[in-house]
Amino acid sequence: MKRNPSESGTRNLADELAELRGLDATTLRQRWRVLYRTEAPVRIGHALLLQAIAYRLQERVLGGLKPSTRRLLERAAEDKVDRRPPTEAPATRVAPGSVLIREWHGVSHRVTVLAEGVLLRGARYRSLSEVARKITGTRWSGPRFFGLRAPTKRSDHGTR
């Protein structure tokens, strides 16, 4: 919540924030203990310690997060603990002799799956990814390029 701080309050805050830069780690940890009423994390770096203390000082003068924002962040943190990281679906197995067709920039490309690798226009390649790179000129997941694997939910449009 935002408050309307007095001019002297913001001036004092600016002075306190400026003083923080000159404090050593021990003194910063003492400030943390006073402001957060707990010990500072053991492995917290100097820069993060400094920023956390500065935030708490600003929060006291200028106000903190709205209760609705705080609840939203707490729910997001709880959800993250309960959720497993998304995994990519395994590629569909393609039997030797299968023919995969992919159109790229108006050109149809036919790939024959072999027991060891793939065949494109009479040339053997070790993988579908190698073929996809040959066709597009950029790195692609071969199974994804040929439609054997859907894009993951967390990937954006620019990722291949």
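The values are calculated or read from the model by the stated rules, or taken from the named source; none is laboratory data. Treat the numbers as computed from the prediction; the structure is a model and nothing was measured. Cβ atoms come from the backbone with ideal geometry, glycine included; neighbour counts cover every protein chain shown. When the accessible area is computed, the model is the full protein with side chains, heavy atoms only, and any ligands, DNA or RNA have been set aside. Shrake-Rupley method; radii C 1.70, N 1.55, O 1.52, S 1.80 Å.
Structure notes:
- Matching residues in the range 45-64 - criterion: being more than 19 Å from R11 (Cβ to Cβ) and surrounded by 15 or more Cβ atoms within 10 Å (Cβ to Cβ): L49, L50, A52, G64
- One residue stands out among those in the range 72-101 that are among the basic types (K, R) and either modelled with pLDDT of 90 or more or part of a loop (DSSP other than H, G, I, E, B) (or both): the one that is surrounded by the fewest Cβ atoms within 10 Å (Cβ to Cβ), which is R84.
- Single residue of R29, R11 found to be modelled with pLDDT of 90 or more, part of a helix (DSSP H, G or I) and open to solvent by 60 Å² or more (accessible area, probe 1.4 Å): R29
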